[in-house]
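To start, the structure under review is shown below, and the notes come after it.
The values are calculated or read from the model by the stated rules, or taken from the named source; none is laboratory data. Source: prediction; values computed, not measured. All Cβ positions, glycine included, derive from the backbone under ideal geometry; neighbour counts span all protein chains shown. These area figures cover heavy atoms from the full protein model, side chains too; ligands, DNA and RNA do not enter into them. Shrake-Rupley method; radii C 1.70, N 1.55, O 1.52, S 1.80 Å.
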Amino acid sequence: MSRLTLPLRGILTLGSLALLAGSSFAQATAPAGSAAEQRIDQRQARQEKRVDQGLESGQLNRREARRLERQQDRIDRAENRAKADGTVTQGEAARIESRQDAASRRIHRQKHDRQHAPGSGASAARP
């Protein structure tokens, strides 16, 4: 084997490893795609509708609804920041969906906490 072949093999091996590492990095940062964006948007709309329905039915008072709406606005801003570069990565989608999970739990807790809007016909304090 010549001395020239050995360093050339090393360079080719390192180049191959760099390509493999680069392709796995590209997969990790690949956009989650329009399916994830649609899922996030649809869920956001459903959660905002739940808050509106809770306010209309008296399950939420105005203060609770305002807080929940602010939380939804923060999630909207996070989503807009994620979309700013044109794509929502899998990591960004996961973080947004995690925030939506927390918001959903909070909506449920607030709607079922037995605090009702004044004049809704439901008693605020039950035995």
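Here are the numbers for the structure shown:
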| read-out | value |
| --- | --- |
| Within the stretch 84-101, considering residues that are at pLDDT 95 or above and charged (D, E, K, R), the one most open to solvent (accessible area, probe 1.4 Å) | Arg95 |
| Cross-chain or 6+ apart pairs with Cβ under 6 Å, the stretch 43-59 first and within 13 Å of Ala117 (Cβ to Cβ), then open to solvent by less than 60 Å² (accessible area, probe 1.4 Å) and not in a helix (DSSP H, G or I) | Gly54/Leu60; Gly58/His116; Gly58/Ala117; Gly58/Ser120; Gly58/Ala122 |
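One line per residue, one yes/no per condition, for (1) more than 12 Å from the chain's Cα centre (by Cα); (2) open to solvent by less than 90 Å² (accessible area, probe 1.4 Å):
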residue	(1), (2)
Ala45	yes, yes
Lys49	yes, no
Asp52	yes, yes
Asn61	yes, yes
Arg70	yes, no
Ile75	no, yes
Ala82	no, yes
